[in-house]
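I have placed the structure first, in the form of structure tokens, so that the comments after it can refer back to it.
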2 protein chains.
Amino acid sequence: MMPPRTQASAPTGEPDPSRRNNLSLLTSLVHHHGVLSRAQLTRQTGLNRSTVGTLIGHLTSLGLVYESAPSGEGQVGRPSPEVHPSPSIAALAVNPEVDAVTIGLVSLGGKVQKKIRFETERIPSAREAVNIAAAVIAGMRSELDASYRITGVGMAVPGLVNRDDGVVRHAPHLGWRNEPVARMLSEAAGYPCQAANDASLGAEAELIFGAGAGTSAGQGNLIYLNGGASGIGGGIIADGQLLRGASGYAGELGHTFVRSGGSACHCGATGCLETEVSQSRLMELAGLSSGDTADLEEALGNSRSAAVDDEVGRQLTYLGIALRNAVNIFNPDAIVLDGFLGTLHALAPASLDAILRSQAMDGPAGQAKIYRAALGSDLMMIGAAELAFTPFLADPAGLGPTPGTIPAPASRTG
Amino acid sequence: MMPPRTQASAPTGEPDPSRRNNLSLLTSLVHHHGVLSRAQLTRQTGLNRSTVGTLIGHLTSLGLVYESAPSGEGQVGRPSPEVHPSPSIAALAVNPEVDAVTIGLVSLGGKVQKKIRFETERIPSAREAVNIAAAVIAGMRSELDASYRITGVGMAVPGLVNRDDGVVRHAPHLGWRNEPVARMLSEAAGYPCQAANDASLGAEAELIFGAGAGTSAGQGNLIYLNGGASGIGGGIIADGQLLRGASGYAGELGHTFVRSGGSACHCGATGCLETEVSQSRLMELAGLSSGDTADLEEALGNSRSAAVDDEVGRQLTYLGIALRNAVNIFNPDAIVLDGFLGTLHALAPASLDAILRSQAMDGPAGQAKIYRAALGSDLMMIGAAELAFTPFLADPAGLGPTPGTIPAPASRTG
DNA sequence: ATAATATGTTTGTCTCTAGAACAATTCATT
DNA sequence: AATGAATTGTTCTAGAGACAAACATATTAT
């Protein structure tokens, strides 16, 4: 049968764009939802069930997903097998901070398999952060080679990152400028590497796996704001797509103008959200000299001081101005607050809502709901890994075979 | 040959998604560029030249494009015929304003064939605007039926418009609230109708046919700001897509916070860009009691008054704050200023640039270039028409046949 | 137990795109 | 003026992929 192809496409040649697109669609669905029955996949994709059958077979033979026995839910009709993302497909995540570099291993489906926090004596340079990451990855190497297929490394950096070339333009708190971290880590670790702004990745992670997953924000209009010791970062998802901008710098909501005559910000302007709303001021008032967001939340919750109340109110007002702007501009479904911004909101949940209701424009204000972030300390790992999963998800069949697995022959015809 | 199809897809049944997608791609390219040779289409789409041949043949037989003799440019090789958008494919555009309702006919390729400005004694109600538009369209009806295929009607409304259902949520200057204008006009005019915010449509029009067409903003990161007698409207295009938000309300840059303690805005907040930067203040200072943007520009250009200079400087400062925010958030390639904002910028071209350079963050500031709008009075017509073209462009083959044209039989096999 | 329902599986057909071979048309060179 | 090189349109064929129909299977409802 099947006459020898005259000279057709190269052996590794990509299949039809249509096929690639459908495989990508299925893989992404399984990745995002964790588990889905074949019947659900059929409905969600709109594809024919025979087509889904073929495609899932293809993905299974590639080792990207596996099927398990139907859960036996009380449904009429033949039970549909469940499709799971293969835990052996994984991405590495790297997140440099002022006091540590965290390296993680995240498998398809967004499950954090491993997380190693490497504390540093002082703020790491880009080279140091890369070396630390590369060393930890080297240590994991034999395990990775034996049991995983790594799609790549994603790096979440607190600063402006050009997503196209992986160069950190400026990370003020780390003191990095024009560091080509993606290339550096790629060379040092031996895996393809990409880098992006941490809050942008946080936004994606919260949308897919966190606060946005259950809500109507699943439609894809979400604003994520994270308040940390070093400032406020933001990420925006519009119509399902992360807002990147011309070079991937988009999303810097921390430098929204909120006050005339405010003090100068390190960014060069005055009156930025980040200078008016800061964790350190709250820490001082709460009488904490050190500690993290959790400590702060406890201290503020127990405080009965008027000064604390005033400052909380003040900061909520400025945060409200920034959110009002953002709501008018983006008309989001959801606003997700993380870090101490989540704390602020939790202290007076009605406050921000009221500000939006009264100050934002009627239409958009009615829709935006404020949530607290849900992913906690796994957020950066999941977000960074997503960066490395993205190219894989766009062409799932393009990945090499799983180690220790005999790749199934493509021909099932005959 | 070809056995009678068992029962295959319904006669009007849509073809393969792949085919639809490719037809859409080609039609959009031709629409946006006006003229393209087949060879250029082949390169830009990445499709095979035989495929492009088939597809163009299909589009030609549908009457959507036509080919003309090669321009005979000095190129080696066989000349490639030029593909033009058919001028008989057209959309209707409607733009209600405080003092007039303008109705236009725009053909594929963005050419305004006809524009009728119907001045009103007083601010038109939604019903009046719809009736005026329907009456003008009815008057054109025989001509339309004879020579055009109308893809639909697009309405550009100065206010918050829910794009999904075509309901005007609030158009403050027209005094409209919750008016289902799309449905009203659709019923009155007998064509499918959609509505959207005027500045959003302006952003699309400027990106495709105006200031964004030649520049790197063709990549798709553009901010459009229009200043008119009644306020400031904004539209944002991110990564090639118009920012819509959860309900299509996105883009309201006119209500960016720019000043603490500013006066109250009709939107409910204080310190909005729109209240601080206004055409009427400039008109007063320039000694104009009435007139349009052109009059204002002339008066300001000739003025030597210090009060005028101060006010221009003051407004530029506030505009700069709003632009600084927008640049930090969107990292655009281009900022397009229209109306009196274009005038302000033209009066002191270095001013806004300097503000961005010093106040916006390093990365994004370096890329954003400020342009003046290029489409002038055709802008709203082109933008509104684009709204009606969009569904057509997504499925060009779905449109009915051209009047007076015998539809080519689908079968060319035999 | 039987019917109804939902879903996996198999098979054949149809549509669409790419590629090869050929034809056409222009510019450059001799 | 003739020839060659380059580029593109045209025709034909083949291969890939998705869908629909028919059948098989597994569960719930009666």
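The values are calculated or read from the model by the stated rules, or taken from the named source; none is laboratory data. These figures come from a predicted structure and were not determined experimentally. Neighbour counts run over all protein chains shown; Cβ positions are idealised from the backbone, glycine included. Just the protein is used for accessible areas: all its heavy atoms, side chains included, with ligands, DNA and RNA removed. Shrake-Rupley method; radii C 1.70, N 1.55, O 1.52, S 1.80 Å.
Quick notes on this structure:
- Measuring with a 1.4 angstrom probe and ignoring ligands and nucleic acids, residue A:84 comes out at about 30 Å² accessible.
- Accessible surface comparison of B:107, B:71, A:68, probe 1.4 Å, protein chains only, largest first: the order is B:71, A:68, B:107.
- Rounded to 5, percent antiparallel among DSSP beta bridges of the protein assembly as shown: 65
- Shielding by other protein chains, B:364-373, mean Cβ within 10 Å: 2
- Helix-derived mean residue ellipticity, 222 nm - over chain B, DSSP H n ≥ 4, -39500 (n - 2.57), to 500: -13000 deg cm²/dmol
- Residue A:67 sits with roughly 70 Å² accessible to a 1.4 Å probe, with DNA, RNA and ligands left out of the calculation.
- Rounded tilt (10° steps) of B:379-394 against the dominant C-alpha axis of chain B: 40
- Shortest first, residue A:395 label-point distances to identical copies amount to 3.0 nm, with the label point at 7 Å from Cα along Cα→Cβ.
- Scattering curve values for segment A:216-374, log₁₀ I(q)/I(0), Debye with Cα scatterers, q = 0.13, 0.15, 0.19 Å⁻¹: -0.59, -0.78, -1.23
- More than 13 angstrom apart: percent of Cα pairs within segment B:17-70: 55
- Ordered from longest to shortest, the equivalent ellipsoid semi-axes for chain B are 41, 26, 19 Å, each the square root of 5 times a Cα gyration tensor eigenvalue.
- Exposure rank, largest accessible area first [B:60, B:215, A:343; 1.4 Å]: B:60, B:215, A:343
- At 1.306 mPa s and 10 °C, Stokes diffusion of segment B:281-351 via Kirkwood alpha-carbon radius, µm² per second: 123
- Accessible area buried at the B-A interface, both sides summed, 1.4 Å probe (Å², nearest 100): 3500
- Residues in segment B:140-171 occluded by at least 20 Å² - accessible area, probe radius 1.4 Å, against chain by itself: B:160, B:169
- Here chain A is assigned +1 on the Cβ of each Lys and Arg and -1 on the Cβ of each Asp and Glu. Its dipole about the Cα centre then comes out at about 1260 debye.
- Among the trypsin sites (Lys or Arg not before Pro) found in segment A:56-165, those both in a DSSP coil and sparsely packed, with 14 or fewer other Cβ atoms within 10 Å of their Cβ, are A:122.
- Taking the longest Cα principal axis of chain A as reference, the axis of helix A:198-209 is set at about 60 degrees.
- Burial here means at least 50 square angstrom less accessible surface with every protein chain in place than with the chain by itself, probed at 1.4 Å; in segment B:335-362 the buried residues are B:361, B:362.
- Listed residues A:332, A:17, A:364, most fluctuating in chain A (Gaussian network, C-alpha, under 10 Å): A:17
- Size-normalised alpha-carbon gyration radius of the protein assembly as shown, reference 2.2 N^0.38 Å: 1.01
- Between residue A:54 and residue B:298, the simple label model (points 7 Å from Cα in the Cβ direction) yields a spacing of 6.9 nm.
- Among B:268, B:287, B:202, residue whose mean-square fluctuation peaks in a GNM of chain B (springs only between Cα atoms under 10 Å): B:268
- Accessible-area loss of 10 Å² or more (1.4 Å probe, protein heavy atoms, chain alone versus all protein chains) is found in segment B:193-241 for B:221, B:238, B:239.
- The residues packed around residue B:221, meaning those with a beta-carbon under 15 Å from its beta-carbon, carry a net charge of -4 if Lys and Arg are +1 and Asp and Glu are -1.
- For the axis carrying chain B to chain A: nearest C-beta residue of B, whole Å: B:260, 2
- Across the identical copies, the label point of residue A:145 (7 Å from Cα in the Cβ direction) is separated from its matches by 7.8 nm, in order from shortest.
- By accessible area, using a 1.4 Å probe on protein heavy atoms only, the protein assembly as shown has 51% of its surface on carbon and sulfur.
- Nearest-10 value in Å² for the accessible area of residue B:155, using the 1.4 Å probe: 0
- Å² of accessible area per residue within the protein assembly as shown, as computed with a 1.4 Å probe and no ligands counted: 43
- Segment B:149-189 versus segment A:344-358: alpha-carbon centroid distance in Å: 32
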